[in-house]
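Reviewing the structure listed below.
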Amino acid sequence: MNSLKEIKPAERTENITYAVRDIILVANEAAKAGKELLYLNIGDPNLFDFAPPKHIVEYTYKAMLDNKNGYSPSSGIKEAVDAIEKEANRKGIDNVLDIFVTTGASEAIDICLTALVNQGENVLTPTPGYPLYTAIQSKLMSMENPYYLDEGNNWQPNIEDIKSKINEKTRAIVLINPNNPTGSLYSLDILQQIINLALEHNLVIFADEIYDKLLFDGNKHISIASLNKDVSVITFGGLSKNYFVPGFRIGWGIISGRKQILAKYIEAVNKILRARLSANHPEQYAIKPALEGEHNHLTEAMAKLTVRRDITVNMLNAIHGISCVKPQGAFYAFPKLHMEHSDSQFVNGLIRETGVVVVPGSGFGQVPGTHHFRVVFLPSENILTKAYNNIAAYYEKFLNSFIY
């Protein structure tokens, strides 16, 4: 027994963080202290007054009853793959080379990064951006290479910053459009400039479009893969956000571009797909009815989300020392704290004293010297109003605590 030593984890796990979930540890402390928690931290519509279209749940239930409970083909069932290809065509992507169904878009992203990036190489990731990408890069022991979004330009990617970050070990560039955590929607001009850079430097574009149907104010989404047939793109989508079934864990990847350029990479992706067997089988039967059925749920959802988006922007911008760019898609906002102090310190105090659970901007990345926090405006108007009033009161108290 004395010869046993501490089991050391792999070094690749040292830098893996996930701020959206990590902040729950602080929230649990506040709950134990008797605070009423107002959750503005996790983008799960089902925790609030949103529900999926009934017909996609019914198709899934029927598949289970029909005993579609074994393994599926590694890339997904045919009717789902065909429906995804039709959806890609509707988005203007008509040069599809491969499609695969995964356990959420997260698995598709993980597989595609794993099949592409070697240790010491890098992928350009948006900052701020969804922390999954940096977590996977840590696991792969690849180098972080963040590029900045321009808050002064509605959080559009900063093209000059991207140009300055590309080097001989850069393999890909990630776009999250609409963006999590800012809610920004990328312009045609920006997308075309990114395509030009990808073609010039032989980069793969990872186009995360999981929120492409959650758009405000009549905005239209442009799939970057639809703009050029030569550029190598993997477009990620899924049922989680647009159809309010994050627990189904159904996502997909669509590879488009030139076959002679991508053939070996596609085979590498499929090697991993075959090794992990398959995504959830019965839930795949929801894909075709979701993509090809009625979308009335989106009309109702966007009406509610528009009201909540506007409450968020108006109330946060009314707080002295906080500014918030108006989101154009998804259900997130990324307000700026005009202060010199740590946003993590602010958020931890906010949760402990008021019960309002948000996520510090440092968990998503931000321009050095700036401070933000992310809010999810899925909760009801009453909850949001109460939360923002609490934020206003606490922010004043927080700043005053540094005045001696």
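Each value in this text was obtained by applying a stated rule to the coordinates, not by laboratory testing. Values in this document were obtained by computation on a predicted structure and should not be read as measured data. Because the Cβ atoms are built from the backbone with ideal geometry, glycine has one as well, and the counts that use them run over all protein chains shown.
Fewest first, what order do 385, 299 take by the number of other Cβ atoms within 10 Å? Provide the component values of the computation, followed by the final result.
Values: 385 15, 299 9.
With the sparsest Cβ surroundings first, the list reads 299, 385.
For region 138-185 and region 357-404, what is the separation of their Cα centres, given in Å?
24 Å
What's the exposure ranking of 134, 114, 102, 182, going from fewest to most Cβ atoms within 10 Å?
Numbers: 134 23, 114 14, 102 26, 182 29.
The fewest-first ordering by Cβ neighbours comes to 114, 134, 102, 182.
In region 280-312, whose amide N lies under 20 Å from the spot 7 Å out along Cα-to-Cβ of residue 370? List them in ranges.
Zone members listed by number: 312.
As a test, work out the antiparallel percent of DSSP beta bridges whose residues both lie in the chain, rounded to the nearest 5.
On the way: 23 of 44 bridges.
Percent antiparallel among DSSP bridges in the chain is about 50.
With charges only on Cβ, +1 for K and R and -1 for D and E, what is the dipole size of region 54-292 about its Cα centre, in debye, rounded to 20?
660 debye
Calculated FRET efficiency, residue 271 and residue 66, Cβ-Cβ r, R0 30 Å, to nearest 0.05?
Details: r = 31 Å, r/R0 = 1.02.
Approximately 0.45, to the nearest 0.05.
Kindly flag which residue pairs out of 163/264; 54/220; 336/397; 86/229; 91/271 have an alpha-carbon separation exceeding 19 Å in this structure. If you can, show how the numbers build up before the last one.
On the way: 163/264 27 Å; 54/220 26 Å; 336/397 17 Å; 86/229 17 Å; 91/271 28 Å.
The answer is 163/264; 54/220; 91/271.
For region 274-371, what is the convex hull volume of the alpha-carbon atoms per residue, in Å³? Walk me through the intermediate numbers first.
Numbers: hull volume 19.2 nm³, N = 98.
So the per-residue hull volume is 196 Å³.
Using a 10 Å cut-off around each Cβ, can you sort 324, 112 from fewest to most neighbouring Cβ atoms?
On the way: 324 21, 112 24.
Arranged by neighbour count, lowest to highest, 324, 112 become 324, 112.
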